[in-house]
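Taking it in order: structure first as structure tokens, then the write-up.
The values are calculated or read from the model by the stated rules, or taken from the named source; none is laboratory data. Treat the numbers as computed from the prediction; the structure is a model and nothing was measured. Don't worry about glycine lacking a Cβ; one is built from the backbone with ideal geometry, like all the others, and counts go over all protein chains shown. Each accessible area value is taken on the protein alone, full model and side chains, heavy atoms only, with ligands, DNA and RNA left out. Shrake-Rupley method; radii C 1.70, N 1.55, O 1.52, S 1.80 Å.
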Amino acid sequence: WAFFWNLMPIKLEYFGRLFYVFILCFSIFYVCHNNLKDKFTGSIIFILTILFFYKYERFSGLQEILIFSFLAILSKYFSLLKNSKNIYYVFFIILGCNLLIWFKAEGIAYSSILILLLNFSKQISRKMKVYINISYVSIIIFKIVIYQFFDATLIDIQGHPYYLDYISKLNFEFIIYKLKFIIPYLFYYALTNVFFISGIIILFLLNFQKKNDSYIKQLNLYFILNLIFIFSAYLFRDMEIEYSIKTTMERIIFTSSGFYVFLIIDFFKRLNKKF
């Protein structure tokens, strides 16, 4: 957050923290309101969500809070995209993906998942999908060029130890050994994250009710791709598996849960209207 505190006339690290809080609050506020028409209901849901969700530890300087916030915003754009052929939503999603890849290395994985969702969307023409893919590849190339220009490391090898030699030597027994740790901890951390478990339950209910509109299908695909990413991140990582999971999986579950925020809030708002 050094970028944020350097924006202020008074160079205080505290201002960087405030920007993190502001971005999170804005993302939840934006998801809770529909053009500010339902001010009272939206504001009540916003306040309750913040009070129920807030944890001081989330603002320790980790970029996961930023990825979570923008995934929440982009999840709303995906929902709006199903009811409109307005290409501006696609443009905003691409801009959001551009931000994600700069926050953290994992942002490339999440942005790639979102681009795949756009490619599988029936609301978007093939010609537009070509432009989307070209734009996304250009964004990735631009980041690589910037890192090369400033002689920076694109991926921290120590923080992200992935080697082709290690991956090629993985055998069935070792994969099963890793899965014995990955699966139980995945269930545990999923159950302890209110957004993740609530989103999965609501998604399951909507599928059970056969409400398979385009947005629900995109959420189903996001869930599958997200699981593939989580399993791949630990299976192919050259690091002691239990230590790696205990130190990072909770944050990965939290980050990915951002895409379920709009689904959860919209579900309860619709439920409230029925009663």
- Message: Condition first: open to solvent by less than 40 Å² (accessible area, probe 1.4 Å) and either at positive phi or among the acidic types (Asp, Glu) (or both). Now tell me which residues in segment 40-64 satisfy that.
- Response: GLY61, GLU64
- Query: Listed residues ASN133, ASN86, ASN119; which is in contact with a Lys or Arg (Cβ under 8 Å, 6 or more places away or on another chain) and open to solvent by 30 Å² or more (accessible area, probe 1.4 Å)?
  - Reply: ASN119
- Message: Kindly evaluate SER198 against the criterion of being open to solvent by less than 40 Å² (accessible area, probe 1.4 Å) and at pLDDT 90 or above.
- Response: yes
- Expected output for segment 105-116 (first residue without any contact (Cβ under 8 Å) to a residue 60 or more places away in the chain, partner open to solvent by less than 30 Å² (accessible area, probe 1.4 Å) and part of a loop (DSSP other than H, G, I, E, B), Cβ below 9 Å, 6+ apart or cross-chain) is ALA105/GLY159
- Item | ARG237, sole failed condition from (1) of a type outside the set (S, T, N, Q); (2) closer than 28 Å to TYR30 by Cβ; (3) in contact with a His (Cβ under 9 Å, 6 or more places away or on another chain) | (2)
- Note on the structure: Subset of segment 224-262, residues open to solvent by less than 10 Å² (accessible area, probe 1.4 Å) and closer than 21 Å to LEU80 by Cα, comes to SER256, SER257, GLY258, PHE259, TYR260, VAL261
- Could you tell me which numbered condition ALA105 fails, if it satisfies all but one of (1) open to solvent by less than 10 Å² (accessible area, probe 1.4 Å); (2) small (Gly, Ala, Ser); (3) farther than 17 Å from LYS129 by Cβ? (1)
- Test for LEU154: is it open to solvent by 40 Å² or more (accessible area, probe 1.4 Å) and either over 24 Å from SER69 (Cα atoms) or at pLDDT below 95 (or both): yes
